[in-house]
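The values are calculated or read from the model by the stated rules, or taken from the named source; none is laboratory data. Computed from a predicted model, the values in this text were never measured in an experiment. Every residue, glycine among them, receives a Cβ derived from its backbone with ideal geometry; neighbour counts consider all protein chains shown.
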Amino acid sequence: MADTRQVTSTVTIRRAVRGDLDAVVAIENVSFPTPWSRALLASELHQPGSVYLVADIAGSVAGFVGLWHVLDEGHICTLAVSPDWRGHGIGELLVLAALRAAIEVGSDAVHLEYRVGNGPAEALYRKLGFERVGMRAGYYSDTGEDAVLARLTGLGSTSGRERLKAAWERWRQERGLQVAID
């Protein structure tokens, strides 16, 4: 696990660019049993309605998140953190950034799915207010695992924005790192 005392105290959240592709592919490959291909990830970075963000720490990509925006809803399609940065709240920070991006493009709700056996993902999404809304049996073809469907609504409301602001502040206080949005 990376030692945050040896790096900058700032995490920069920014749009992914083509120059980030090697790092994104490397993180993807160590994070998923059936990773998305380099070509697919490259095309995703610039698809209309697609927002890919990276967490940059001292010039290195620590993780990434992908958000699709369709009509008035967002869909977090992928989230991965480098093994060196797991346990430092980078995944949570990326989800918060994706929620912020969803609001900026007009989404009032965000949905996602995760493997039924992925306890850390479940804990993260519950912490952020996602509610389990369904299951997809055998969704993951590589393992046959079921997918949990989760949804967060009311993002565009005053109370939704206040909840998101409070979650950002809680993250900063818990982690002791500064966040820059680029």
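Data overview
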{"item": "Odd one out for residue 112 among (1) surrounded by fewer than 16 Cβ atoms within 10 Å (Cβ to Cβ); (2) outside any loop (DSSP other than H, G, I, E, B)", "result": "(1)"}
{"item": "Count - residues of the stretch 140-177 that are touching a Leu at 6+ places or on another chain (Cβ under 9 Å) and not hydrophobic (A, V, I, L, M, F, W, C)", "result": "5"}
{"item": "Given (1) assigned to a helix (DSSP H, G or I); (2) more than 24 Å from residue 34 (Cα to Cα); (3) not small (Gly, Ala, Ser), index of the condition residue 122 fails", "result": "(2)"}
{"item": "Residues of the stretch 138-157 satisfying the condition of being touching a strand residue (DSSP E or B) at 6+ places or on another chain (Cβ under 7 Å), in a loop (DSSP other than H, G, I, E, B) and more than 13 Å from residue 102 (Cα to Cα)", "result": "139, 140, 145, 146"}
{"item": "Test for residue 107: is it over 22 Å from residue 81 (Cβ atoms), touching a Leu at 6+ places or on another chain (Cβ under 7 Å) and part of a loop (DSSP other than H, G, I, E, B)", "result": "yes"}
{"item": "Criterion violated by residue 173 - all others in (1) surrounded by fewer than 16 Cβ atoms within 10 Å (Cβ to Cβ); (2) part of a loop (DSSP other than H, G, I, E, B) satisfied", "result": "(2)"}
{"item": "Cross-chain or 6+ apart pairs with Cβ under 8 Å, the stretch 106-128 first and within 13 Å of residue 95 (Cα to Cα), then in a helix (DSSP H, G or I) and of a type in the set (Ser, Thr, Tyr)", "result": "112/125"}
{"item": "Boolean, residue 63 is of a type outside the set (A, V, I, L, M) and at pLDDT 90 or above", "result": "yes"}
{"item": "Test: residue 161 is of a type in the set (Lys, Arg), surrounded by 16 or more Cβ atoms within 10 Å (Cβ to Cβ), out of contact with any Pro (no Cβ under 8 Å at 6 or more places or on another chain) and touching a residue at least 40 places away in the same chain (Cβ under 8 Å)", "result": "no"}
{"item": "Residues (of a type in the set (A, V, I, L, M) and touching a residue at least 60 places away in the same chain (Cβ under 8 Å)) located in the stretch 164-182", "result": "164, 167, 177, 179, 180, 181"}
{"item": "Members of the stretch 9-50 that are outside any helix (DSSP H, G or I) and either surrounded by 14 or more Cβ atoms within 10 Å (Cβ to Cβ) or on the phi > 0 side of the Ramachandran plot (or both)", "result": "11, 12, 13, 14, 16, 32, 35, 36, 45, 49, 50"}
{"item": "Looking only at the stretch 51-71, and only at residues there that are touching a strand residue (DSSP E or B) at 6+ places or on another chain (Cβ under 6 Å) and more than 13 Å from residue 13 (Cβ to Cβ), the one that is surrounded by the most Cβ atoms within 10 Å (Cβ to Cβ)", "result": "66"}
{"item": "Qualifying residues in the stretch 72-89 (those that are in a helix (DSSP H, G or I) and modelled with pLDDT under 95) - the one nearest to residue 13 (Cα to Cα)", "result": "85"}
{"item": "The stretch 98-110, residues that are modelled with pLDDT of 95 or more and more than 12 Å from the chain's Cα centre (by Cα)", "result": "109"}
